[in-house]
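Here's the structure we're looking at; comments come further down.
The values are calculated or read from the model by the stated rules, or taken from the named source; none is laboratory data. Just so it is clear, the structure is predicted and the values come from calculations on it, not from any experiment. Note that we place each Cβ from the backbone using ideal geometry, even for glycine, and neighbour counts take in every protein chain shown.
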Amino acid sequence: MNYQNLLCVGDSQTFGARTYGCFPLHLAQILTAESAYAWRTINSSANGATARDLWFRLVTDLETVTDTRQACLLIGTNDAGEGSDPDLFAEYYRQILRAFFVKKYKAVWCGEIPPIHADGHVYFARASTERRATLNARIEAVVGEFAGASLVRLAGLDRDCYVDPVHFNERGNERVARCFADAILAR
């Protein structure tokens, strides 16, 4: 069997909180249907995770996941909500990418922080959207430092793709999967 493994890491948006599906599940489906390979996505995400949390956890993930040399990274929404320092966020993001490439990953697709639809939610207020823009600029800069990393724009995520200010419904999961799939298949 010709197959490809793809490690997906991130926070509740990768986990699929608030839905039964998740974007990594839809991503495997799309990639299998549109390529010559049977794709297996490995979802290693944690609800509430920040870039700092992922940096600590990634050591274990990279030691236990084998036969995998490509990944999707979607992290930063909780950093925007919590007001993480942009310089520290950028350094954690840099260290996350460096960890992948030290472990011989060939490609890491890095999703921008998806839109935050502030609606009075206590953790994701309107200021989160401004912090999101700042953190996305940092992500873009850091991704540019690594030849094997690619920035994935998450176009088309309108309010109808969410169940609350940040969590995707199935339509949102499918949309995010499509964005990552397009980037991967364009390689």
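Among the residues of the range 33-64, the ones that are free of Cβ contacts under 8 Å to residues at least 60 places away in the same chain and part of a loop (DSSP other than H, G, I, E, B) come to 7 in all. Within the range 105-126, how many residues turn out to be modelled with pLDDT of 90 or more and not acidic (D, E)? Residues in the range 105-126 being modelled with pLDDT of 90 or more and not acidic (D, E): 12 in total. Could you tell me whether any residue of the range 93-112 is within 28 Å of A133 (Cα to Cα), touching a residue at least 40 places away in the same chain (Cβ under 8 Å) and touching a His at 6+ places or on another chain (Cβ under 7 Å)? So far as the range 93-112 goes, no, none of its residues is within 28 Å of A133 (Cα to Cα), touching a residue at least 40 places away in the same chain (Cβ under 8 Å) and touching a His at 6+ places or on another chain (Cβ under 7 Å). Within the range 111-126, being closer than 21 Å to P24 by Cβ and not in a loop (DSSP other than H, G, I, E, B) holds for one residue alone: G111.
Among the criteria (1) within 15 Å of R153 (Cα to Cα); (2) crowded, with 23+ Cβ neighbours inside 10 Å, the one A80 does not fulfil is (1).
When you look at R131, is it closer than 24 Å to H167 by Cα, of a type in the set (K, R), at pLDDT 95 or above and within 16 Å of the chain's Cα centre (by Cα), yes or no? In short, no. Here T64 clears all of (1) in contact with a helix residue (DSSP H, G or I) (Cβ under 9 Å, 6 or more places away or on another chain); (2) surrounded by fewer than 15 Cβ atoms within 10 Å (Cβ to Cβ); (3) of a type in the set (V, I, T) except the condition numbered (1).
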